[in-house]
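What follows is one structure encoded as structure tokens, with my remarks underneath.
Please treat every number below as a calculation from the coordinates, not as lab data. Keep in mind it's a predicted model, so treat the numbers as computed, not measured. All Cβ positions, glycine included, derive from the backbone under ideal geometry; neighbour counts span all protein chains shown.
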Amino acid sequence: MSLAANDRSLNVSAPVTGATPAGLVLFALAMGGFAIGTTEFASMSLLPYFAAGLGIDEPTAGHVISIYALGVVVGAPLIAVLAARIPRRTLLIALMGLFALGNLLSALAPSYHWMLFFRFLSGLPHGAYFGVAALVAASLSAPNRRAQSVARVMLGLTIATILGVPVASWMGQALGWRTGFGIVAVLALLTVLLVALYAPRDSVQPGASPLRELGALKRRQVWLTLGIGAIGFGGLFAVYTYVASTLMAVTQVSPVVVPVVLSVFGVGLTVGTLFAGWAADRALMPSIGGLLLWSAVWLAAFPFAAGNIWAVSLVVFMIGSGGGLGAMLQTRLMDVAEDAQTLSRLLPNRISGLPCDKFRRGRLEKLRLPTCGCGETSPNL
């Protein structure tokens, strides 16, 4: 979730060129989510190994996880403001390039303090990437399906917890923890290539400026939405960070079982994200409230299940399903941005190829829009 969702310079009504199928665009964007999800979650599962490799204890190594999160918090609004005059396709490429560099340097970190700096650097593009990618995804669908499009981008992150994290964890165990970060750098470079090939070319909206982007911070609903995300995900990551350590120290399983349980978390996250996209398009705020209550129940159950592998696996699956909150809150940010991100700016463009009658839904009928050749109301293509 990122303030980039309120970025007017990244407006989905900006002109684009080409006729790339929407599925390919979403796949390219989701690959970036796959790379981000792999490093975000694999670094937690690799915590015992890079702690030993850097000569620090595990509680101290937890700061490596926290500093990445700090990079996400700092980078999302900062980049959204400073990148006001950059086309979104160019920005996506630059963000993933920086992400690749940060993870490559993390794989080469010679000491704990250098590792802290490189993880902070890696976290900077995280939130901004998802914010910009969400705008592009929303532009490819009808307004009443935009949450599902955003969820499809987020599926890259969730699938990473099923495939990317276990593979990175296994490689980290077998070949050394540095390999886990190195593979993420390769995935990020692949994303750069895919975005360059398939993302729609666009131009910056006239009048875009950093000062105008700061206008989103005046809205109370924006801050409330960000607060929901900070608190709602705080519990999830507080537990997930130490799942690997808990499994080995409390549940006392073999290290080879840890990636399997992490995959169970990923399955839950994927299921939750798919459901979240469907539910958010029907009742956004009630769905957010219900999912928060669901997460609270299963997070509270984790300590009681930690002693049994079957019980803890079930609870980890349920906790993972609460991760669908991300797609819901990203959609909510688009709504509360008001003049920075109105429904008229979320209409399908030429890439989607939808017929004119798809545009006449709900509040859209109240908008004064130009007509296309068939005489029906349509967006300004």
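Laid out as a table, the results:
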{"item": "Sequence-distant residues sharing a close amide H with R201 (under 5 Å, placed H)", "result": "T17"}
{"item": "Local electrostatic count at G277 - Lys and Arg +1, Asp and Glu -1, tallied over other residues with Cβ under 12 Å", "result": "+3"}
